[in-house]
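Enquirer: Can you keep this structure in mind? I'll have questions shortly.
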Amino acid sequence: MQAYIIRRLLLVPFTLILISIIVFIFMRAVPGDAADVRCGAAGNFDQQCFDVVREELGLNENKVNQYFKWLGDIVLRGDFGYSLSQRAHINEELGKRIWNTAQIGLLSIAFTLLIGIPVGAVSAVRSGTMSDYVLRFLAVMGLSVPNFWIATLVVIFPAVWWGTRVAPDWVGWEEPLTHLQILAIPAFIIALAGGGTIARIVRSSMLEVLRSDQVRTARAKGLRESVVVSRHVFRPSMIALFTIIGLQFSLVLGGSVIMESIFNIPGMGLWVISAVGERDFMIIQAVVVVFATWFLLITLLVDVAYAWVDPRIRY
Amino acid sequence: MAEAYWGKYWRRRISRRRVLAGSAAVAAGAAGLVAVGCGDDDDDEPPAATAAATEAAADEPDESAATEAAATEAAAATEAAATEAATQAAAAGPRAGGTMKVQRAFSDTGYDPAITITGYQWAAITYNHLLGYSLIEDEAWGDAAASWEQPDPLTIVFNLEPNLRFNPEAADGRPITSQDIAYSFARLPAAFTDLASEVNPLQFAFMAGFDMPDATTFGLQMRYPWVSAIPSLGSTSLGIVAPEVVEANGGNLTQTVNAGGGAYMFESRGLDGFNSYKRNPNYAGHTTARGRFTKDPPYIDAWEDAHITDPAAAEARFLAGDADILTGIVGGIDAIKADQLRGEDGVNIISGPTNTHLVMALDALKWARFPQLREALSLAVDWDGYIDVVLDGNGIRGAPVGPRFPAVLSQEEIRQLQQFDPERARQLWEAGGGDVVFPDGLTTLLATFTDTRGTQFIAQSIEENLGVRVKLEPVDFATYVSSLTAPPGSKIWHFALVVENSLSTIPDYNALTHYVPTGYGGAFGLFTHEHPQAALIPPEVIDITHDIGKPIQDLYNAQSVTHDPEQRNGLLQQLQRLILTQFCCTFPVPVNATEQHAVRTRVMNVPPPPDFKDNGSMGYRRAQNMWLADA
């Protein structure tokens, strides 16, 4: 196991370098850069303006040099560079925003599990009943209804109907209850899709175990149904859950981009949306690298945990 | 002791059985809750207590109805009382105090008035400006200037307000002098060349030098007798900064606030531009009240300014009373939204003539050699149909000087010069060999922030009436800008819609810049050999467009130094006719006749359009006579 973890950890930097190359190339392949936006949008059709901005950002340099300079600054000094659109160094703001996005991410994972596991479990135990059909329908609804649509309705309808907002402006932990309210709503909406996925996985996994010999034996021994389900069905079924929890993190990160925009949460998602419009390569690259690192580490953690909870798995 | 306490948890081995059992227990508990919530066939019988309560409720329908009616009455009474209070307050006259709550779509992109114009609302309220200019009144009002005179066409002398001071955080709140104004204006060209300033050079290119005979007299020497100098000096970009603060920050204020002496100063800056402003205690107001500037400091105590990107979120904040104003990114809210909001409690819809200007730009290099094809393109679009379909009937024909300028051609004359004649359009297209010149059809940019309906309407008209395929290229903001301003020969588009929503302070800049080589016309490829950037373009390329651009540029230059209004209007009308008959390389497009904005009823004295928008020098953010009824 230790060797596996070390191997995986060694792969992380290589994967990140590959991702950084891809995002670097793609950002420069799309038309326009920060100089175009800065100088062109204001009507300053002035070559000097373009030259100044491109010089300031190092965009006049050879692309390969640009890449290695950017990567070198991150690796050697932890410096993600300078944002022209914000006219500020990225690091300070990045720190604040990572934490804001992380709060939504963690809460939405918690909601995902709290929705998905019970719904899947009840659906499995009551398989073929009305409860099962209703819960499966709800799970599919959660999966198929776009979360940005639900979020927009949640934002607009209370204001239209009752003249109030369910999600106030961002306040931070100085006002804990309001802050939790702000976090909980987008986190819950993100969790609806993940909850639906997990509910379906848990249901099918539990149904498989419910039909197994060990459960038949447990029932034959005269154990109460609650004991059979909680002791002999739940535990082995939970193993399947670990395989998809890691994937849920990618959903959460993607979802946070939209949710932060709709709920005005100053996180990485809102930041990257502005940066795309401004062609602020440095912010986009920084956010992609941070998201990728986050996702790689979570995936690693889940894989390790998977082997740990299921002794049959050996890496 | 504490270490031992926590240590026992850290040292404790966590087994996988424990984790699985824990997970299962949590899951089982939650499942139980869900099961109870869902219920099933066994739950059909209602508990006795619930049944009794239901029965009781059924027995007393009048009481619950009465309660509901009472609540409705109470709510109505509250609203009525609020409206009454607002009416009474309005009758009683202005009162000081309160916090104005506003929102904007753009984030902060720096805090230097000489550099940043994107989302620069802070510059309107935290800096003094020499003047303010109202489009409605067509008049300049002194802000930092108490009075001014123009002894000759190249000189303007300003007498400053006697009690001007910076805010306490800028230069220790010392008095503002004419030297500070000279320093602030002298920064503009340097910021443009060295700091990639967004401020359009037209606003400062006319400044040749400054005279400061004493601390309260400021003389401005002009390079040429620019007729729009006074409106330009009201521009929000021409804020007066404290030189000490600029120097202390390495020559720019991009990350420094409170470097001025405006009516307000930053109280806080949040992530993503959630800003709050408080009164500048050093702000003394004006020696006399004029226009929207008050004799005393402004009535409103503070501002909260939120950066809201999502339109639905912005509307929700407005409806919930967390924002006092709802407007659009370009122009106001649409007519349907205005109608919806008109009946809402606590909401006023203000409307007035728009100052928006929209053009259809042609890539000059592609079209300049083909006059028949250019004319065919113009004749192929049903511009009155555009008003009916795209603008829902609430539109006027666009003019090259914009809708508000006195020299604007009459609607009838524009109709005559910009006709819809599909038959002749097709003849000209065929005679000019349109299908040979453009064998792959035409391409236009489809950008959500311009007017997608308008672009689609024009594209469809051209396809139907010229029989040429028009490809719609969807683009985001950055791609749109870079495509529009791409060097001659590398533009991917044949025509594109371009909206103008800025600088309502300089009417002849506003619209006309889209047609002249030294303005956006150059960005669209219309160059002359005299263009400042001509050295960067191959001469043979400029040859193609020079003959079209030169007369436009000459007339533009002539009008900009003609002070006699009648003579200037004559030149401007001549220029408009030239633009509309050359069909190159920008066509004016119809715009809304009026624009609407939603404002909470508690806000009084809001300047109506076209002065409403904050990017104009006398937008609502600089209206110091605005006040809050519930303050």
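Enquirer: I'm trying to understand the selection: among the residues of region A:248-274, which are within 18 Å of B:Asp322 (Cβ to Cβ) and of a type in the set (Ser, Thr, Tyr)?
Expert: A:Ser261
Enquirer: Right, something else. Residues in region B:392-413: is at least one assigned to a loop (DSSP other than H, G, I, E, B) and in contact with a Cys (Cβ under 7 Å, 6 or more places away or on another chain)?
Expert: Checked against the condition, which is being assigned to a loop (DSSP other than H, G, I, E, B) and in contact with a Cys (Cβ under 7 Å, 6 or more places away or on another chain), region B:392-413 yields no hits at all.
Enquirer: Right, here's the next one. Can you report the number of residues in region B:448-484 which are more than 10 Å from chain A (Cβ to nearest Cβ) and either of a type in the set (Asp, Glu) or touching a residue at least 40 places away in the same chain (Cβ under 8 Å) (or both)?
Expert: Quick first cut of region B:448-484, residues more than 10 Å from chain A (Cβ to nearest Cβ) only: B:448, B:450-474.
In the following step, the residues that additionally are either of a type in the set (Asp, Glu) or touching a residue at least 40 places away in the same chain (Cβ under 8 Å) (or both) were identified as B:450-451, B:453-455, B:457-458, B:461-467, B:473.
Residues meeting the conditions: 15.
Enquirer: Follow-up. Would you say A:Gly105 is away from chain B (no Cβ under 12 Å), over 28 Å from A:Gly246 (Cα atoms) and in contact with a helix residue (DSSP H, G or I) (Cβ under 7 Å, 6 or more places away or on another chain)?
Expert: no
Enquirer: Sticking with this one: May I ask you to list pairs of residues, at least six apart or on different chains, whose Cβ atoms are under 7 Å apart, with the first in region B:299-313 being under 16 Å from B:Asp272 (Cα atoms) and the second being aromatic (Phe, Trp, Tyr) and surrounded by fewer than 23 Cβ atoms within 10 Å (Cβ to Cβ)?
Expert: Hits for this filter: B:Ala306/B:Phe274; B:His307/B:Phe274.
Enquirer: Separate question: Taking B:Leu238 as the residue in question, decide whether it is within 30 Å of B:Pro94 (Cα to Cα) and in contact with a Leu (Cβ under 9 Å, 6 or more places away or on another chain).
Expert: Values: within 30 Å of B:Pro94 (Cα to Cα): yes; in contact with a Leu (Cβ under 9 Å, 6 or more places away or on another chain): yes.
Yes, satisfied.
Enquirer: If B:Glu315 meets every condition in (1) more than 14 Å from every other protein chain (Cβ to nearest Cβ); (2) within 30 Å of A:Ile283 (Cα to Cα) apart from one, which number is that one?
Expert: Here B:Glu315 clears every test but (1).
Enquirer: Could you pull out the residue among A:Leu183, A:Leu177 that is farther than 28 Å from A:Ala124 by Cα and loosely packed, with under 14 Cβ neighbours inside 10 Å? Talk me through it step by step, then tell me what you get.
Expert: Numbers: A:Leu183 fails: loosely packed, with under 14 Cβ neighbours inside 10 Å.
Exactly one residue qualifies, and that residue is A:Leu177.
Enquirer: Right, something else. Filter region B:258-286 down to the residues that are at pLDDT 95 or above and assigned to a loop (DSSP other than H, G, I, E, B) and list them by number.
Expert: Answer for region B:258-286, where residues must be at pLDDT 95 or above and assigned to a loop (DSSP other than H, G, I, E, B): B:Asn258, B:Ala259, B:Gly260, B:Gly261, B:Gly262, B:Ala263, B:Asn280, B:Pro281, B:Asn282, B:Tyr283, B:His286.
Enquirer: Now, a different point. From the list B:Asn163, B:Asn167, exactly one residue is in contact with a strand residue (DSSP E or B) (Cβ under 9 Å, 6 or more places away or on another chain), surrounded by fewer than 16 Cβ atoms within 10 Å (Cβ to Cβ) and of a type outside the set (Gly, Ala, Ser). Which is it? Before you say what the answer is, go through the steps one by one.
Expert: Working: B:Asn167 fails: surrounded by fewer than 16 Cβ atoms within 10 Å (Cβ to Cβ).
Only one candidate passes the filter, namely B:Asn163.
Enquirer: What do you reckon, is B:Glu161 farther than 19 Å from B:Gly285 by Cβ and in contact (Cβ under 8 Å) with a residue 24 or more places away in the chain? Walk me through how you get there before you give the answer.
Expert: Working: farther than 19 Å from B:Gly285 by Cβ: no; in contact (Cβ under 8 Å) with a residue 24 or more places away in the chain: yes.
In short, no.
Enquirer: A further question on this structure: When the residues of region A:72-96 are narrowed to those that are within 7 Å of chain B (Cβ to nearest Cβ) and of a type in the set (Lys, Arg), which ends up farthest from A:Phe50 (Cα to Cα)?
Expert: Filtering region A:72-96 for residues that are within 7 Å of chain B (Cβ to nearest Cβ) and of a type in the set (Lys, Arg), the one farthest from A:Phe50 (Cα to Cα) comes out as A:Lys96.
Enquirer: Kindly evaluate B:Ala323 against the criterion of being more than 17 Å from B:Trp141 (Cα to Cα), within 14 Å of chain A (Cβ to nearest Cβ) and at pLDDT 95 or above.
Expert: Details: more than 17 Å from B:Trp141 (Cα to Cα): yes; within 14 Å of chain A (Cβ to nearest Cβ): yes; at pLDDT 95 or above: yes.
Against the criterion (more than 17 Å from B:Trp141 (Cα to Cα), within 14 Å of chain A (Cβ to nearest Cβ) and at pLDDT 95 or above), B:Ala323 qualifies.
Enquirer: Another question, then. If you go through region B:287-310, how many residues are within 14 Å of chain A (Cβ to nearest Cβ) and in a loop (DSSP other than H, G, I, E, B)?
Expert: If we filter region B:287-310 for residues that are within 14 Å of chain A (Cβ to nearest Cβ), which is where we start, we get B:304-310.
When the remaining residues are screened for being in a loop (DSSP other than H, G, I, E, B), the result is B:308-310.
Number satisfying all stated conditions: 3.
Enquirer: Has region B:201-209 got at least one residue that is touching an Asp or Glu at 6+ places or on another chain (Cβ under 7 Å), closer than 26 Å to B:Asp611 by Cα and of a type in the set (Gly, Ala, Ser)? Quick ask: steps written out before the conclusion?
Expert: Residues of region B:201-209 touching an Asp or Glu at 6+ places or on another chain (Cβ under 7 Å): none.
No; the residues of region B:201-209 include none that is touching an Asp or Glu at 6+ places or on another chain (Cβ under 7 Å), closer than 26 Å to B:Asp611 by Cα and of a type in the set (Gly, Ala, Ser).
Enquirer: Kindly provide the set of residues from region A:145-157 that are free of Cβ contacts under 8 Å to residues at least 24 places away in the same chain and more than 7 Å from every other protein chain (Cβ to nearest Cβ), ordered by number.
Expert: Taking region A:145-157 and keeping what is free of Cβ contacts under 8 Å to residues at least 24 places away in the same chain, we get A:146, A:149, A:153, A:156-157.
Result: A:Pro146, A:Trp149, A:Leu153, A:Phe157.
Enquirer: Right, next: Any residue at all in region A:254-273 that's within 12 Å of chain B (Cβ to nearest Cβ), charged (D, E, K, R), part of a loop (DSSP other than H, G, I, E, B) and farther than 24 Å from A:Tyr306 by Cα?
Expert: no
Enquirer: OK, next. Looking at region B:266-293, which of the residues that are within 25 Å of the chain's Cα centre (by Cα) and of a type in the set (Ser, Thr, Tyr) is surrounded by the fewest Cβ atoms within 10 Å (Cβ to Cβ)?
Expert: It comes out as B:Ser268.
Enquirer: On to the next question. Just to be sure I understand the filter: pairs with C-beta atoms under 6 Å, separated by 6 or more residues or on different chains, first member in region A:158-177 and within 9 Å of chain B (Cβ to nearest Cβ), second member surrounded by fewer than 17 Cβ atoms within 10 Å (Cβ to Cβ) and in a loop (DSSP other than H, G, I, E, B). Which pairs pass?
Expert: A:Pro158/A:Thr164
Enquirer: Suppose we filter region A:278-308 for residues that are surrounded by fewer than 19 Cβ atoms within 10 Å (Cβ to Cβ) and within 11 Å of chain B (Cβ to nearest Cβ); how many remain?
Expert: 4
Enquirer: Would you mind telling me which numbered condition in (1) modelled with pLDDT under 90; (2) not in a helix (DSSP H, G or I) A:Leu143 fails?
Expert: Every listed condition holds for A:Leu143 apart from (2).
The values are calculated or read from the model by the stated rules, or taken from the named source; none is laboratory data. This one's a predicted model, so the numbers in the text were calculated from it and none came from an experiment. When we count neighbours, we look across all protein chains shown, and the Cβ atoms used for this are built from the backbone with ideal geometry, even at glycine.
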